[in-house]
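A quick write-up on the structure given underneath.
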Amino acid sequence: MGADADLEIDDARAAEPLADMDVRLGQRIRHLRKARGLSLKEVAERSGFSISFFSQIERGLSSPSVRVLASLAHALNVNIGSLFAEDDEAEDAAAKIVVRKSERKVLSFWRTGISKELLTPAASNARLDVYLVRMDPGGTTGEESYSHDGEEAGVVLQGEMELVVDGLTFVLREGDGFRFESPRPHSFRNLGPKMCRVLWVNARF
């Protein structure tokens, strides 16, 4: 079996109802907020979103985009990878060294055609996370750029991606790599007619 097959999501996980993904993500965000003693209002103010919008996310009634999730993670003072863990895994995640293929966590931003599969153990105190980012044809983080703490880098494994950083536009194809500081406003999208896959690394300072 080749490397490409090793990176594929198993059929059972891919078939998980999309609404259930939103509910689980909302529950995880609520757990992190309460664990930090923060109110809905405090997190909403920190992230720049309305209380009603944030409440909808916590209740699984709204599917957040990559940009929204990055803002919420910053407001909660956690890395995006910690949002992948289940509540009952939170205490043990920091001690994990290995994550098996069958244990990988996936966040699907299904309204925008993007999914992020965490290839490393989920932990709120991790300073480095590695993802397999999948973008359907037309998949995008949106017209509006976003920014957060840290640094990121990656390599396009398949397809064609447009990456915009600080107003500079780059078209990357299979084998092309990138690196930039995360506070610089950025966005990305799949330009091609086929699936785009990117090995993406996020470092948090």
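The residues listed here are 199, 132, 163, 157; of these, the one that is touching a Leu at 6+ places or on another chain (Cβ under 7 Å), among the hydrophobic types (A, V, I, L, M, F, W, C) and either farther than 20 Å from residue 81 by Cβ or assigned to a loop (DSSP other than H, G, I, E, B) (or both) is 163.
Selection over region 161-174 of residues that are of a type in the set (Asp, Glu) and either farther than 18 Å from residue 143 by Cα or under 19 Å from the mean Cα position of the chain (by Cα) (or both) gives a count of 2.
Residues in region 139-154 that are closer than 26 Å to residue 205 by Cβ and either of a type in the set (Lys, Arg) or in a strand (DSSP E or B) (or both): 146, 151, 152, 153, 154. Evaluating residue 75 against the criteria (1) at pLDDT below 85; (2) closer than 29 Å to residue 186 by Cα; (3) in a helix (DSSP H, G or I) leaves one unmet condition, (1).
Pairing residues of region 161-174 that are within 15 Å of residue 189 (Cβ to Cβ) with residues that are outside any strand (DSSP E or B) and modelled with pLDDT under 95, at Cβ distances under 7 Å and at least 6 apart in sequence or on separate chains, gives 161/191; 162/191; 164/145; 171/191. Taken across region 125-132, residues that are of a type in the set (Lys, Arg) and under 14 Å from the mean Cα position of the chain (by Cα) do not occur at all. One residue is enough: does region 31-40 have a residue meeting the conditions touching a Ser or Thr at 6+ places or on another chain (Cβ under 8 Å), closer than 19 Å to residue 129 by Cα, buried (at least 19 other Cβ atoms within 10 Å of the Cβ) and modelled with pLDDT of 85 or more? Yes, region 31-40 contains a residue that is touching a Ser or Thr at 6+ places or on another chain (Cβ under 8 Å), closer than 19 Å to residue 129 by Cα, buried (at least 19 other Cβ atoms within 10 Å of the Cβ) and modelled with pLDDT of 85 or more.
What number of residues within region 175-205 satisfy the criterion of being over 19 Å from the mean Cα position of the chain (by Cα) and either surrounded by 14 or more Cβ atoms within 10 Å (Cβ to Cβ) or of a type in the set (Phe, Trp, Tyr) (or both)? The qualifying residues number 3. Just one residue in the set 99, 171 is farther than 21 Å from residue 65 by Cα and touching a Pro at 6+ places or on another chain (Cβ under 6 Å); that residue is 99.
The values are calculated or read from the model by the stated rules, or taken from the named source; none is laboratory data. Keep in mind that what you see is a predicted model, and the values were worked out from it rather than measured. Glycine gets a Cβ as well: all are built from the backbone with ideal geometry, and neighbour counts include every protein chain shown.
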